[in-house]
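Notes for the one structure printed next.
The values are calculated or read from the model by the stated rules, or taken from the named source; none is laboratory data. The model shown is predicted, which means the values in this text are computed figures rather than measured ones. Please note: Cβ atoms are built from the backbone with ideal geometry, for glycine as well, and neighbour counts cover all protein chains shown. What goes into the accessible areas is simple: the full protein's heavy atoms, side chains included, and nothing from ligands, DNA or RNA. Shrake-Rupley method; radii C 1.70, N 1.55, O 1.52, S 1.80 Å.
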Amino acid sequence: MLAIIGGTGLASLDILGSARREIIATPYSDDAVELERFRHHELDVIFLPRHGKDHEVPPHQINYRANIWALQELGVSKIIAANAVGGINAELEPGALSVPDQIIDYTWSRDHTFFEGDLEEVKHIDFTHPYDPTLRATILRSVNSVNASQASAKIILDGGVYGCMQGPRLETAAEVSRLMRDGCDMVGMTGMPEAALARELGIAYASIALSVNWAAGLSAQPITLADIHQVLSSGMSFINSLLDQIIRDLSQTA
Ligand code: HPA
């Protein structure tokens, strides 16, 4: 089963239709995880807004373990995550999309593994390629189909390094220069530990990253939430069409 994890600007989906609420208890939280289950193009899909329905949970306080555990409990085998990012690569102007293929994790003190506590043996997952190549290919194919059916094509970067910062504040200009030297193409706050936790549970994971601003120091303009929200609201209609196309594609190969 497919799950979509919605990020900033994607707390709900146009394609949700008549979704049914699922409430899943996990060992990682007192509060159960609330998700939506819906059927689209003959496929069962789970939707989880990672910041909560009202966008009230900041990136460093999201209970990533509870979320990924709940998805596994429901039988999810593939996750497509939406992430808002600041663009560092010159191609990632606000409004452009990327399907990243690498991650550098700069976060700290987040609960980032299932493999701790009372273990029978120490486990190390292979995380050389953090995003699932088959799911990435599905997303890229679907972007091309949606682009072909629209008057103005969306700029899309195939690949890129996602630098995950702790947040919730945005970066300093020096931090962004460092990310650039490290080879990051984009900066966000929610890609980790989500991707690693999915890998620990053997769930295929890929991301659609929407650039909503130039990363700090790369534009003469200050970064404002008003500008970010404007890019988000126009970008999300494309992401809704894209998710519709991805589900159609997956239902044909299921
Ligand atoms: N930095 C970190 N996270 C982000 C940004 C940014 O500039 N824009 C959207 N999410």
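Could you tell me whether the stretch 76-85 includes any residue that is part of a loop (DSSP other than H, G, I, E, B), in contact (Cβ under 8 Å) with a residue 60 or more places away in the chain and in contact with a helix residue (DSSP H, G or I) (Cβ under 8 Å, 6 or more places away or on another chain)? No - not one qualifying residue is present in the stretch 76-85. Figure legend. Inter-residue proximity from the stretch 53-70: first residues of a type in the set (Val, Ile, Thr), second residues surrounded by 14 or more Cβ atoms within 10 Å (Cβ to Cβ) and in a loop (DSSP other than H, G, I, E, B), beta-carbon distance below 6 Å, spacing 6+ or different chains. Indicated pairs: 57/51; 62/50.
Against the test of being in contact with a strand residue (DSSP E or B) (Cβ under 7 Å, 6 or more places away or on another chain) and modelled with pLDDT of 95 or more, the options 235, 191 yield a single qualifying residue, 191.
Just to check your reading of the model, which residue among 242, 218 is in a loop (DSSP other than H, G, I, E, B) and either crowded, with 20+ Cβ neighbours inside 10 Å or within 13 Å of the ligand (Cβ to nearest atom) (or both)? Exactly one of 242, 218 is in a loop (DSSP other than H, G, I, E, B) and either crowded, with 20+ Cβ neighbours inside 10 Å or within 13 Å of the ligand (Cβ to nearest atom) (or both), namely 218. Filtering 83, 67 for residues that are within 28 Å of residue 155 (Cα to Cα) and polar (S, T, N, Q) leaves a single hit, 83.
Considering the stretch 1-33, the residues that are among the charged types (D, E, K, R) and over 24 Å from residue 85 (Cα atoms) include one that is surrounded by the most Cβ atoms within 10 Å (Cβ to Cβ), namely 22. Counting only strands (runs of 3 or more DSSP E) that sit wholly inside the stretch 140-208, not one has at least 1 residues that are open to solvent by 30 Å² or more (accessible area, probe 1.4 Å), near the ligand (Cβ under 10 Å from one of its atoms) and touching a residue at least 40 places away in the same chain (Cβ under 8 Å). Of the listed requirements (1) loosely packed, with under 11 Cβ neighbours inside 10 Å; (2) under 14 Å from the mean Cα position of the chain (by Cα), residue 124 misses just one: (2). Would you pick out the residues in the stretch 39-54 that are under 17 Å from residue 245 (Cβ atoms) and under 19 Å from the mean Cα position of the chain (by Cα)? Hits for the stretch 39-54 are 45, 47.
Candidates are the residues of the stretch 221-235 that are among the aliphatic types (A, V, I, L, M) and in contact with a Leu (Cβ under 8 Å, 6 or more places away or on another chain); the one that is most open to solvent (accessible area, probe 1.4 Å) is 223.
For the stretch 101-111, the condition holds for at least one residue, the condition being that it is among the acidic types (Asp, Glu) and assigned to a loop (DSSP other than H, G, I, E, B). Among the residues of the stretch 59-86, the ones that are open to solvent by 10 Å² or more (accessible area, probe 1.4 Å) and hydroxyl-bearing (Ser, Thr, Tyr) come to 1 in all.
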